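Chemist: Just dropping this structure here.
The values are calculated or read from the model by the stated rules, or taken from the named source; none is laboratory data. It should be emphasised that the depicted structure is a prediction, and the values quoted were computed from it without experimental measurement. Positions of Cβ are generated from backbone atoms using ideal geometry, with glycine treated the same way; all protein chains shown enter the neighbour counts. Surface areas here come from the heavy atoms of the whole protein model, side chains and all, with no ligands, DNA or RNA. Shrake-Rupley method; radii C 1.70, N 1.55, O 1.52, S 1.80 Å.
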Amino acid sequence: MKAHLGLAAGVGAGVGASPQRPDGRLKVTGEFAFSSDLWAEQMVWGATLRSPHPRARIVSVNLGPALAIAGVRAVLTHEDVPGRKRYGLEHADQPVLAFDEVRYQGEAIAIVAADHPETAARAAEAIEVVYEVLDPVTDPEAAVLADSPRVHAERPNLLRHVPIRRGAPDVSAPVVVSGVYDVGMQDQAFLGPESGLAVPADDGGVDLYVATQWLHVDRDQVAESLGLPPEKVRFTLAGVGGAFGGREDLSMQIHACLLALRTGRPVKMVYGREESFFGHVHRHPARLWYEHGADEDGRLVYVKARILLDGGAYASSSPAVAANAATLGIGPYDVPNVTMDAEVVYSNNPPCGAMRGFGAVQACFAYESQMDRLAEAVGLDPVEVRVRNALKVGDLMPTGQVVEGAAPVEQLLRLVQRRPAPGPADLLPGGTANTTRGEGVVRGVGYGIGIKNVGFSEGFDDYSTARVRLELVGGRPAVLVHTAAAEVGQGLVTVLAQIARTELAVAQVTIAPADTSVGSAGSSSASRQTYVTGGATKAACEAVRERLLARLGRPGLRLEDEQVVDDDGRPVASIADVLGGEAVEETVEWRHKPTHPLDPVTGQGDAHVQYAFAAHRATVDVDVELGLVRVVEIATAQDVGKAVNPRAVEGQIQGGTAQGLGLALLEEIQVVDGRVRNPSFTDYLLPTIMDMPPMALDILELADPDAPYGLRGVGEPPTISSTPAVVAAIRAATGAALTRVPVRPEHITGTA
Amino acid sequence: MEFLSPPTWADALAAKAARPDAVPLAGGTDVMVELNFRRRAPAALLDLTRVPELRAWREEDGLLRIGAGVSYARIMAELGGRLPGLARAARTVGSPQIRNRGTLGGNLGSASPAGDGHPPLLATGALVELASTRGVRRVPVAEFFTGPKQSVLSDDELIAAVLVPPAPGPQQFAKIGTRNAMVIAVASFALELRPEGSVGTGIGSAGPTPLRAPEAEAFAAAELPWASRGRLDPAVAERFGELVAAAASPIDDVRGTAAYRRRTLGVLARRTLTWAWSELCA
């Protein structure tokens, strides 16, 4: 394992600066060790047998042919799971290895360890499973009905219903617009497939090196299924090649550990690209019914909505996704009367769970499409109708929660609106494929704005732990920051070092590899790590500083440029001298302010800790005859509270916007009768550099008084509103209704 | 899996004769994907990258003889002037890395209806040279494909080269993909205008094999104002597009619907004819 390198940055590379990422150069030059690059002496390889059917009864499993293959060391099924046979983030409903029934195509049934990956794969294929194929439950609208066949015999298909009731339920309005919208199944499509290395330990436990988002919750689930106490299951974060929510659930973690403990050998498992599409949850496909009532001036009187999310075969984080869809489901608007029902159902489709935006994405496509319809109905500009209804500080969310801190909805909209219009495009729709010289090309402009909660909600005990050690290294003060927070590519390791530099005025900061020998950091999700683990690191640094300064026994001291200085900035002593041979170390568990559950009937409650907002204006060229789209420019404005690392903030905004553009135009796992038709990057299309246009960015820093440095989570908002903005622009160019994303060329040309 | 790596063409033909089940490997951009996805487990791979003549092209009897191992990147760089249609098609293949590896011969060997190299070869009336220890034959490219991923190539044969007439007039290639780069064709169309009064066409990704549109060719040959080099009547371009669309037999699949493919072929045919005609008359 390679520790993250210390930053070659000075004391000044603190909060608000943009020092180079410690892993940046390695990643760009291809030298970074990802989890799929792990290797150990005596290592053997794991492989997984998966169900070809979305729903079937397992009649029999014959391992004989696999065991007979030379080089095979173990073949395991559910019978070999010593502890809890199911796992899950919110409900333990997913079998470690399937028994009795498979509920989605790709569900794991058996695992193999062998001397060579090819042998392991062949052995998995050699296992004979007799299935009794059953009709899969694949239509969420049918699945939610009481008389539907059940995906899980012991519970109804309705996994969670989140109602929100605000104001009057039966109010009417002079202007009513309604629509039904569909969102396809997007994939996180991280580039580093699921992989890890499990090493059996002398104490009967196991060490797992793995790419994941939340080491401790992985560890706890793995320990339960292995029947081991948590302290005997030790996790270390390996190089993570992207996550976006897709690594919140377990994939190969338990499997690799089972095989390692059985064989007594280190076991490596690496999914291929195709297997990866079956190895993690996806974004929930959704159908959304919306009715907006407004007065003639475009001011909203009511919103009535129903959101139906397809959770697929297992619960994953579906209940929380439904709560987000419901509580954020009318958008950043002040609406006096709201009737919202968000439901998530089980089906035999691929399981869905966390993905960047987490329930807010689906809703935003629908409510922003509605706002455009409302603008048209009352004869207003799309920005004007949004501004008239814009949420402000002090307004109530439909949950009754008061919006605090900053809510610059109008300002964000005006910023993107006032950006100069882009000139002629450098590339026409069709890109390099020579489809037009301008024939059929029409330009359109569209807007979108979204809202996202930051951090975990609904009363969840959301905390992080940081251990900070200040000591002399080679005669100079150096800081070691140790957390279990997952660096998934977002740049957290850079940010934590910046915080340590700011708080301790020391240049040399090392970020220790994330592992479970320190307390939980919570998940690298919900745009929360800079806030929560950043907050924990800040607090731990403050505690270290306090103890260091206490050694001098006088008040009014602070740290500056590796010195202790007095109130007037006069040096009192160097940090090195004060430290001497005695390190200072503090570990702090840090929490943001508590949240509260939603009332199960009315949906009222202060469920969220912080709201984040972003607006987008998309300008597109559409070849209306061919249905091809080229996004010309995207302007965006986002409030980030405090840009802890401005360059990383820009990267998050650009990347998040690209992911939203992908949902608008390209990215969909196509599922027919429970079967995935495009599990490859040949046919699951991600935006390329030819698809992603230049962006114009306005970044606001309106401090949140409750957050460390005033910061606001940045990772998710850009993903949320870029999708409706792009679609609105295509509508403006074509006049097509476009109620579904991704928009396909067939929808624009009427050839679906 | 056996890995055969003959250093010469004669050795390659001998190896293929001895191991007809060996899968030829050129750039590997199709074969390696199939191996990695475990869709195929051939008993032997026949690596052709060491055979020098496969990587060469030259002029021969008025034709351009392009070795089967010439990459798309080289077609773009070295043949763009004389075969602009084929070079344009090469430009739309994959990413720069794929264009550096992938070859025209490999494209023919895979015989995918979506192969980007096929429509320009159809439009230009190219020949495919097949060789075995039994001898050499040249097959018109229109007769090469027999079905989806199937061709007249025998088990003991290898693709040696493609023979293409240098462009006698304007050539066009246009391709529909859902993404603006790095995409497999949803539909594609190639066109050649020959100043003496005839037209060549090639359709990709819209039938079990790459196709020509003979009725559209005949219509254009008859209706275009060759002698006067006058303005192209939009109605002629429109009708040409309809005939090209009618020649296709597309299906619905994960990349697009049949109706969309037909529609876009009509548009591409109309547009490329318009561009090519104005180039001819310029």
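Chemist: Can you list, largest first and rounded to whole Å, the semi-axes you get for the range A:238-321 by taking the square root of 5 times each eigenvalue of its Cα gyration tensor?
Modeler: Taking √(5λ) for each eigenvalue gives 44, 13, 10 Å, largest first.
Chemist: Along the positive direction of the dipole of the protein assembly as shown (beta-carbon charges: Lys, Arg +1; Asp, Glu -1; about the Cα centre), which of A:Val609, A:Tyr209, B:Asn100 reaches farthest?
Modeler: B:Asn100
Chemist: With charges set only on the Cβ (+1 for Lys and Arg, -1 for Asp and Glu), what does the dipole of the range B:1-46 come to about its Cα centre, in debye to the nearest 20?
Modeler: Numbers: 5 positive and 5 negative charges, 27 e Å.
The dipole magnitude comes to about 120 debye.
Chemist: If ligands, DNA and RNA are left out, what is the accessible area of B:Thr29 with a 1.4 Å probe, given in Å² to the nearest 10?
Modeler: 40 Å²
Chemist: Set Lys and Arg Cβ to +1 and Asp and Glu Cβ to -1, take the dipole of the range B:171-281 about its Cα centre, and tell me which of B:Cys281, B:Tyr260, B:Ile203 lies farthest positive.
Modeler: B:Tyr260
Chemist: So, one more: Could you pull out every whole DSSP H run in chain B that spans at least 15 Å of Cα extent along its own axis and averages 0.5 or higher on the Kyte-Doolittle scale?
Modeler: On the way: long enough: B:234-247 (20 Å, 0.75); B:258-281 (34 Å, -0.14).
Going by DSSP H runs, the hits are B:234-247.
Chemist: So, one more: Among B:Ala12, B:Leu45, B:Leu35, flag the residue with its Cα farthest along the positive direction of the charge dipole of the range B:1-46, charges on Cβ as +1 for Lys/Arg and -1 for Asp/Glu.
Modeler: It is B:Leu35, whose Cα lies furthest towards the positive end.
Chemist: Can I ask one more? Which part of the range A:357-392 falls in the paramagnetic zone of A:Ala752, meaning amide N under 18 Å from the point 7 Å along Cα-to-beta-carbon?
Modeler: Answer for this model: A:362-363, A:365-370, A:373.
Chemist: Which of the DSSP-defined H helices in chain A satisfy a minimum axial length of 20 Å, computed from C-alpha atoms, and a minimum mean Kyte-Doolittle hydropathy of -0.5?
Modeler: Numbers: long enough: A:360-378 (26 Å, 0.23); A:529-550 (30 Å, 0.00); A:646-665 (28 Å, 0.14); A:717-734 (27 Å, 0.74).
Qualifying helices, which must be both long enough and hydrophobic enough, are A:360-378, A:529-550, A:646-665, A:717-734.
Chemist: For B:Ala44, enumerate residues with amide H under 5 Å from its amide H, sequence gap 5+ or separate chain, H modeled in the peptide plane.
Modeler: It is B:Glu2, B:Val23, by chain and number.
Chemist: Mind listing the phi-derived Karplus ³J(HN,Hα) values for the range A:605-617, rounded to whole Hz, using 6.51, -1.76 and 1.60 with θ = phi - 60°, and x for any glycine or proline?
Modeler: x, 7, 7, 10, 8, 8, 10, 10, 10, 8, 10, 10, 10
Chemist: Only Lys, Arg, Asp and Glu count, each charged at its Cβ (+1, +1, -1, -1), so figure out the dipole size of the range A:24-100 about its Cα centre, rounded to 20 debye.
Modeler: Values: 9 positive and 8 negative charges, 41 e Å.
The dipole magnitude comes to about 200 debye.
Chemist: Assigning unit charges at the beta carbon (Lys, Arg +1; Asp, Glu -1) and nothing else, what dipole magnitude in debye, to the nearest 20, does the protein assembly as shown show about its Cα centre? Don't skip to the answer; put the middle values down first.
Modeler: Numbers: 98 positive and 121 negative charges, 360 e Å.
Computed charge dipole of the protein assembly as shown: roughly 1720 debye.
Chemist: For a quick check: with amide H placed at 1.01 Å from N, whose amide H comes under 5 Å from A:Ala313's, ignoring anything fewer than 5 positions away on the same chain?
Modeler: A:Ser347, A:Asn349, A:Cys352
Chemist: Same structure again: Which distance in Å, rounded to a whole number, links the C-alpha centroids of the range A:647-693 and the range B:66-142?
Modeler: Taking the Cα centre of the range B:66-142 as reference, the centre of the range A:647-693 is 31 Å away.
Chemist: To check my understanding: the extent here is largest minus smallest coordinate of the Cα atoms along each principal axis. What are those three numbers for the protein assembly as shown, in Å, largest first?
Modeler: 98, 76, 69
Chemist: Name the residues whose placed amide hydrogens come within less than 5 Å of the amide hydrogen of A:Val743, ignoring near sequence neighbours (fewer than 5 apart) on the same chain.
Modeler: A:Leu665
Chemist: Subtract the Cα-Cα distance of A:Gln42 and A:Asp139 from 0.36 nm times their separation in residues, and report this length gain in nm to one decimal.
Modeler: On the way: separation 97, 0.36 × 97 = 34.92 nm, distance 4.75 nm.
Separation in residues times 0.36 nm, less the Cα-Cα distance, equals 30.2 nm.
Chemist: Now, a different point. I want to check a number: in chain A, how many lysine pairs have alpha carbons closer than 18 Å, given a sequence separation of 8 or more or different chains?
Modeler: Values: A:Lys2/A:Lys27; A:Lys2/A:Lys268; A:Lys392/A:Lys452; A:Lys452/A:Lys593; A:Lys452/A:Lys642; A:Lys538/A:Lys593; A:Lys538/A:Lys642.
Going through chain A pair by pair, I get 7.
Chemist: Quick check: residue separation of A:Val171 and A:Glu582 times 0.36 nm, minus the Cα distance between them. What number comes out in nm? Numbers along the way, then the final one.
Modeler: On the way: separation 411, 0.36 × 411 = 147.96 nm, distance 6.94 nm.
Taking 0.36 nm per residue and subtracting the Cα distance, the gain is 141.0 nm.
Chemist: Let me ask something else. Mind ranking A:680-693, B:133-146, A:233-246, A:397-410 by how tightly packed they are, going by the mean number of other C-beta atoms within 10 angstrom, highest first? Before the final figure, lay out the partial values.
Modeler: Details: A:680-693: 18.1, B:133-146: 15.7, A:233-246: 24.0, A:397-410: 20.4.
My ranking of the peptides, most packed first, is A:233-246, A:397-410, A:680-693, B:133-146.
Chemist: Mind listing the phi-derived Karplus ³J(HN,Hα) values for the range B:165-182, rounded to whole Hz, using 6.51, -1.76 and 1.60 with θ = phi - 60°, and x for any glycine or proline?
Modeler: Coupling constants for the range B:165-182: x, x, 4, x, x, x, 10, 9, 8, 9, 9, 9, x, 5, 10, 7, 6, 6 Hz.
Chemist: Which whole-Hz ³J(HN,Hα) couplings does the range B:110-120 yield from phi under the Karplus relation 6.51 cos²θ - 1.76 cosθ + 1.60, θ = phi - 60°, glycine and proline marked x?
Modeler: 5, 6, 5, x, 8, x, 5, x, 6, x, x
Chemist: Report the FRET efficiency, 1/(1 + (r/R0)^6), for A:Glu589 and B:Arg50, where r is their Cβ-Cβ distance and R0 is 60 Å, rounded to 0.05.
Modeler: Details: r = 63 Å, r/R0 = 1.05.
With a Förster radius of 60 Å, E is 0.45.
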